[in-house]
Amino acid sequence: MSVISLIIKREFFAKVRNKSFIVMTFLSPLLFVAVAIFVGYLSSMKADVKRVAIHDETGLFANEFVAQNNVDSDYKYFDFSQIDSQYLKDSIANNGYEGLLLIPKTTSVTDLENKIEFISNASPSISFIENTQDIIARKITKINLENAHLDTLAIKKAQAHVNIAIAKTSGEQGLKGLNEAKIAIGGAFGYLIMMFIIIYGNMVMRSVIEEKTNRIIEIIISSVKPFQLMIGKIIGTSLAGILQFTIWVIIGLSLLFAASVFFGVNVGPAANLSPALMEHSATEFTGTAQLYLKELWNLPIAGILIGFVVYFIGGYFLYSSFYAAIGAAVDNQTDSQQFLLPVILPLMLSVYVGFFSVVNDPNSTIAVAFSIIPLTSPIVMLMRIPFGVPFWQIAVSITLLFGTFLLVVWFAAKIYRVGILMYGKKPSWKELYRWLKY
């Protein structure tokens, strides 16, 4: 058996036999499911109805708001136009009202555009303010049209509502929102890679720091080369992480399914939908479900899965090399913070580029460039693959990714072989550069 395989085996069993690893392997999905059920329960709870007092001196708008009480809304409106406005200002808070909508008397209805006030001790929500403004704006617009002797009913009938149908050149019907589904699939795989790198890359770093602290490394390094030790640690830790993550997925999905079936708890986006809306949505979904499934089935599923595996391995190995080098360079996790930011920044940048560039134009210059750059390609390229990517771009991206991994491993091994025997001194960036030349 080779030296590297022995190191991999040692690292793997050292991780999976650790008590904290075993506890968190089975406790983490329980905590996740408990939080998901709790969020679903809170989402299903009906929010308290907030009461809003209205003092309308014009007599034009109060009925418009009171009519909103018949709509399922979080706000109920009450017309107190006959009561003195000053008295209302002083008493609304004590009587449990969210606020007072004060509409003054003006010479022209157009003057109301900038003179209406909402008086409240608390800050109203943006949606409430926008809805209130829309109601008033529609009423003022209607009055202006009537004053201009225009037929409002004819204008309303003349308003056009355009619905553009999506079709392919082959004549098949297309679907709206398919790009969002593609970016969701690619984004989910990319986000999964990022979380795995951060969680288990830190595990590699902590393992190196722990062995340095216990001076075990001095014995190990007398029998193996630093490069072999670093590769063995990365692969062994990754295998332990994959095992733990697989157990998380199996237990988490099983518990979520059990909670949904046996306890009737909705933990998805439909948790806060009314039964009538859910029934209507189900009816509409039945008509388009087959089209969506057909379109999703036409996606390069094999390419997505293969790309996920390749970029998962390449991205994790690349960043784990950085984490191993950082662990070798410092004596404790506190000193490692100054070196972690440059490692995490490319991951964060790739997520932002993916969601703000790929979603709008997957073949834009920015999207293509960041899907080829090795530090960002594991996430950005996975977001582009569902849209269809030329083979040469994938080939160049993978070649650069694994080529950069080998180059980084070579440089990281130089830092690793010096840093693992350095104690009691916090290295600077200048010293790390000097270690590379040894």
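List of remarks:
- For the set 51, 17, the ranking by accessible area, highest first and with no ligand, DNA or RNA atoms included, is 17, 51 under a 1.4 Å probe.
- Nonlocal Lys pairs with alpha-carbon distance under 15 Å, the range 50-158 (8 or more apart, or different chains): 5
- Built amide H within the under 5 Å cut-off of residue 99, gap 5+: 53
- Rounded to the nearest 20 debye, the dipole size of the range 50-158 about its Cα centre is 180 debye, using +1 on the Cβ of Lys and Arg and -1 on the Cβ of Asp and Glu.
- Global geometry of the range 50-158, whether rounded, prolate or oblate, following the gyration tensor of its Cα atoms and the 1.5 cut on a/c: prolate
- Spin-label model distance (nm) - residue 144 vs residue 363, 7 Å beyond Cα toward Cβ: 4.4 nm
- Proximal lysines to residue 430, defined as alpha-carbon separation beneath 20 angstrom and excluding residues fewer than eight positions away on the same chain: 414
- Rounded to the nearest whole Hz, the Karplus-based 3J(HN,Hα) values (6.51 cos²θ - 1.76 cosθ + 1.60, θ = phi - 60°) of the range 12-24 follow the sequence 4, 5, 5, 6, 6, 8, 5, 4, 5, 5, 5, 4, 6, with x at glycine and proline.
- The listed residues 182, 142 rank as 142, 182 when sorted by accessible area, largest first, using a 1.4 Å probe.
- For residue 151, the solvent-accessible surface with a 1.4 Å probe is about 90 Å², rounded to the nearest 10.
- Part-to-part distance (alpha-carbon centres) for the range 191-252 and the range 18-71, which is given in Å: 41 Å
- In the context of the full protein assembly, residue 138 retains an accessible surface of approximately 140 Å², using a probe radius of 1.4 Å and ignoring ligands and nucleic acids.
- Rounded to 5, the percent of DSSP beta bridges in the range 50-158 classed as antiparallel: 25 percent
- Computed accessible area, residue 24, all protein chains, 1.4 angstrom probe, square angstrom: 80 Å²
- Residue order by solvent-accessible surface for 89, 414, 225, 9 is 225, 9, 89, 414, largest first, with ligands and nucleic acids left out and a 1.4 Å probe.
- Potential lengthening between residue 13 and residue 257 on full extension [0.36 nm per residue; Cα-Cα distance subtracted]: 84.7 nm
The values are calculated or read from the model by the stated rules, or taken from the named source; none is laboratory data. Just so it is clear, the structure is predicted and the values come from calculations on it, not from any experiment. When we count neighbours, we look across all protein chains shown, and the Cβ atoms used for this are built from the backbone with ideal geometry, even at glycine. Quick note on the areas: whole protein, heavy atoms, side chains included, nothing else; ligands and nucleic acids left out. Shrake-Rupley method; radii C 1.70, N 1.55, O 1.52, S 1.80 Å.
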